[in-house]
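Student: This is the structure I want to talk about, given as structure tokens.
Any read-out appearing in this document is the output of simple, stated calculations on the displayed coordinates, not a laboratory observation. In this text the structure is predicted, and so the values were computed from the model without any measurement. Note that each Cβ is placed from the backbone with ideal geometry, even for glycine, and that neighbours are counted across all protein chains shown.
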Amino acid sequence: MKKLFFVTPIGDKDSDARRTADFVMNTFLKPVADELGYDVIRADLIQTVADISDSVIEQLENANLVVADISNANPNVMFELGYRFALKKPYLILTQDIKSIPFDIRGIRSLPYTVHAPDIKDFKSRLNQMIRVIEATKTPANNSMQALGEQMGADLVINAIQSGDFSSIKGFLDIANEFGVKTNEDDK
């Protein structure tokens, strides 16, 4: 089974941070991960006698996907996200407030959520779609035009999923058709 490592503030057992981490993991991540064939792992739930830092680094290096909740810019989460980013391996960012994302990572796609009266079905659908796009997008090994085009296409799809506005994809397909690129009616 594929592994999804959930990087999040954890906090003490009865803290708000723990309640939020549990809610996001159990309500959003686990159902979508199960559907897509992932086992969800979180640092505090790893059963090992090894140092927790070593266990976290191992998960960051080996998980198929890392999902990082950067809400409140927790220093541990930011370090772990940066480590995963440096490895050039797939990750997905969650946040409760898009506007509070630190400047240096503001350009990275993220998926906003709320724990207050959330639209669980909608969020799980967008999460599912974003994970599928991440799985389908290979990290470009070179700077070829094809790799650049594939990344731009993936960015276009992720933006549409985040916003719920798919008109940009239709516009892109219309332009592609003008340049002679054939698309199926199903693509629209």
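Student: Let me have the relative contact order for the stretch 1-116, percent, based on Cα pairs under 8 Å that are six or more residues apart. Display every interim value, and only then the final one.
Tutor: On the way: 155 pairs, mean separation 32.2, N = 116.
Relative contact order for the stretch 1-116 comes out at 28 percent.
Student: Enumerate the amide H contacts of Val7 below 5 Å, restricted to partners 5 or more residues apart or on another chain; note that Pro and chain-start residues carry no placed amide H.
Tutor: Distant-sequence amide H within range of Val7: Val67, Ala68, Asp69.
Student: So for the stretch 50-133, taking the charge dipole from beta-carbon charges (+1 Lys/Arg, -1 Asp/Glu), which of Ala50, Tyr91, Val77 sits furthest toward the positive end?
Tutor: Final value for the positive-end residue is Tyr91.
Student: What's the FRET efficiency of Ala50 with Thr27 using the Cβ-Cβ distance as r and R₀ = 35 Å, to the nearest 0.05? The partial results should precede the final answer.
Tutor: Values: r = 29 Å, r/R0 = 0.84.
Efficiency for this residue pair is about 0.75.
Student: Between rounded, prolate and oblate, where does the stretch 2-136 land on the alpha carbon gyration tensor, with a ≥ b ≥ c its root eigenvalues, rounded for a/c under 1.5, else prolate if a/b exceeds b/c?
Tutor: Working: a/c = 1.18, a/b = 1.15, b/c = 1.03.
Because its axes are fairly even, with a/c under 1.5, the stretch 2-136 counts as rounded.
Student: Could you list which residues have their amide H under 5 Å from that of Asp39, counting only those 5 or more apart in sequence or on another chain, with H placed in the peptide plane?
Tutor: So Asp39 has HN proximity to Lys2, Lys3, Leu4.
Student: Here's another thing I want to ask about it. To the nearest 20 debye, what charge dipole does the stretch 2-136 have about its Cα centre, counting +1 at the Cβ of each Lys and Arg and -1 at the Cβ of each Asp and Glu?
Tutor: Here the stretch 2-136 has a charge dipole of around 500 debye.
Student: May I ask you to evaluate 6.51 cos²θ - 1.76 cosθ + 1.60, the Karplus curve with θ = phi - 60°, for each residue of the stretch 107-119 and list the ³J(HN,Hα) values in order in whole Hz, giving x for glycine and proline?
Tutor: Per-residue couplings from phi come out as x, 7, 4, 9, 10, x, 8, 9, 9, 9, 6, x, 8 Hz.
Student: Apply 1/(1 + (r/R0)^6) to the Cβ-Cβ distance of Asp39 and Ile105, taking R0 = 45 Å, and write down the FRET efficiency to the nearest 0.05.
Tutor: Numbers: r = 27 Å, r/R0 = 0.59.
In this case the efficiency is close to 0.95.
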